[in-house]
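Step one of this worksheet: look at the structure below.
The values are calculated or read from the model by the stated rules, or taken from the named source; none is laboratory data. All of these numbers come straight from a predicted model, not from anything done at the bench. Here the Cβ positions follow ideal geometry from the backbone for every residue, glycine too, while neighbour counts run over all protein chains shown.
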Amino acid sequence: MRRSHHMWGPHGVTAPPGARPSPRFRSARPWHWPCDGLTRVYRKITAAVDETDSAGRAVREAIALARATGAEILFLHVGGDMAGEDALGWAAALARQSRVKARTARVANAGGVAATIVREADHWGSDLIVVGRHNRRGVERLLLGSVAEAVARAADVPVLLVYRGTLDPAPLH
């Protein structure tokens, strides 16, 4: 089984006999695979939560990933409105129903929503950030900006952008 160069790394399982690492990757343990090549294991996932449909889809995706990988989720709301508190309660209840370990946090907006999300995810030690994207276009996007894109640019960990759409989210059971 051939593996691509990005699969080599210092963490994981031992490579099969005869496998050679890519010359582009230098590691103290060059004969070590970071994962099985099929899935990435997330231990801590931060999911940004608000009252929008795209954030609801992001919560469902985060829960599905957490169930698949055994991760813990931090549901994070930036701001102090009651709608955000309701959204956090809904996300926590959905996680409990799905038997996923989850925490909730509401933090003040200090330095912008995207910067706050990235800072809190980094502080918690997240392996992945899940954010809903609103699909704004034209003048609306220019004026309001995209928090999801700003998170993706600023984060040091992978960011999953979940788009608002007409399809039903993946089943949780």
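Going by what's in this entry, would ASP53 be described as surrounded by fewer than 18 Cβ atoms within 10 Å (Cβ to Cβ) and either among the small types (Gly, Ala, Ser) or over 16 Å from VAL162 (Cβ atoms) (or both)?
For ASP53, the condition - surrounded by fewer than 18 Cβ atoms within 10 Å (Cβ to Cβ) and either among the small types (Gly, Ala, Ser) or over 16 Å from VAL162 (Cβ atoms) (or both) - is not met.
Return the total of residues in segment 121-131 being in contact with an Asp or Glu (Cβ under 9 Å, 6 or more places away or on another chain) and of a type in the set (Phe, Trp, Tyr).
Result for segment 121-131: 0.
Are any of the residues in segment 13-21 out of contact with any strand residue (DSSP E or B) (no Cβ under 8 Å at 6 or more places or on another chain), among the charged types (D, E, K, R) and modelled with pLDDT of 90 or more?
No, segment 13-21 contains no residue that is out of contact with any strand residue (DSSP E or B) (no Cβ under 8 Å at 6 or more places or on another chain), among the charged types (D, E, K, R) and modelled with pLDDT of 90 or more.
Which one of the conditions (1) at pLDDT 85 or above; (2) of a type outside the set (Asp, Glu); (3) on the phi < 0 side of the Ramachandran plot does LEU142 fail to meet, given that it meets all the rest?
The number of the failed condition is (1).
Can you tell me which residues in segment 61-120 are assigned to a strand (DSSP E or B) and either in contact with an Asp or Glu (Cβ under 9 Å, 6 or more places away or on another chain) or within 13 Å of VAL49 (Cα to Cα) (or both)?
Scanning segment 61-120 gives ILE73, LEU74, PHE75, LEU76, HIS77, VAL78, ALA102, ARG103, THR104, ALA105, ARG106, VAL107.
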